[in-house]
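A quick write-up on the structure given underneath.
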Amino acid sequence: MTTIPITHFLVVGAALFCIGLAVATTKKNAIGILLGLELMLNAVNINLVAFSRHDPDLIRGQLFALFVMVIAVCEIAIALAIILRVFDHYKTIDPDKINRLHG
Amino acid sequence: MELVAFYIFATLAVAAALFILFTRNLMYAAFCLFLSLVGVAALYVFAMADFLAVAQIMIYVGGVLVLLVFGIMLTQAKRTGANYVEVENGGQPLRLTMAAVLLVLLIKVIYAADFALAGEYQLQKSTIHTVGIHLMTTHLLPFEIIAVLLLAVLTGTGYMAYNRIKSL
């Protein structure tokens, strides 16, 4: 059974992170930005899990990745609730057009 | 053999992510996020994290994707044809260049780094046992804090959505 070098995981993680960054900065829609954030969080998780292979007794990387996953889900739930409220108020969720603090 | 499968799933994850970047249909982007997350779950399996792979599929596909699709459907101002959810991509040249430069930089750093890894990579059968023991012993406090946080998120989002319905 061949072992996969850790740099492979890190390169995939770096690629996903950069794509997520590009998505989060280019989309003109708040939900598109959330998609980019999810990609970035997953890229970080790949790195944590890959390093956790070398720590088989205390798999701290995997435990940390588990907590990151839960926090990501919380973030998505709250962000969507906020986006729904913003949409009710402004009738758009383009971040460039949401430019008033007091409605 | 294992390496070939790894490349296939890594390509799946990265290609789906690139599709999210270049598509203008938000619904396709959400489904491609699902594909990308499945690819990442497969990578977890290659990194000997079976519990995390299953959790990834259950949490993201079962929860996040449904939530995102509902969010997309509830926030469309005007209907423009059958199920077409168009989103402009703004300022692409500068931002894509920025991301590409960051990618080159990261890859350079990764290949230049000499990681002082604690032990050699060991094959193990399953990590569920270890994860369970550590969650209940060494990581008990964060585990409980996460439980309280989830409760707070549940009540908070429910409150916001409830007030929204009442105000319509």
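Throughout, read-outs are computed from the coordinates displayed, never taken from laboratory work. Model, not experiment: these values are computed from the prediction. Every residue, glycine as well, gets a Cβ built from its backbone with ideal geometry; the counts of neighbours run over all protein chains shown.
What the table below lists for this structure:
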read-out	value
14 Å beta-carbon shell around A:ILE46, net charge (K/R +1, D/E -1)	0
Fewest-first ranking of A:GLU75, B:GLU144, using other Cβ atoms within 10 Å as the exposure measure	B:GLU144, A:GLU75
Number of Lys pairs (Cα under 23 Å; 8 or more positions apart or on different chains) in the protein assembly as shown	10
Neighbour-count order for B:SER36, A:SER52, fewest beta carbons within 10 angstrom listed first	A:SER52, B:SER36
Simple label model, 7 Å out from Cα along Cβ direction - B:GLU2 to A:THR7, nm	1.9 nm
Separation of alpha-carbon centers, the stretch A:42-102 and the stretch B:23-48, rounded to whole Å	15 Å
Shape of the protein assembly as shown, Cα gyration tensor, a/c cut at 1.5	oblate
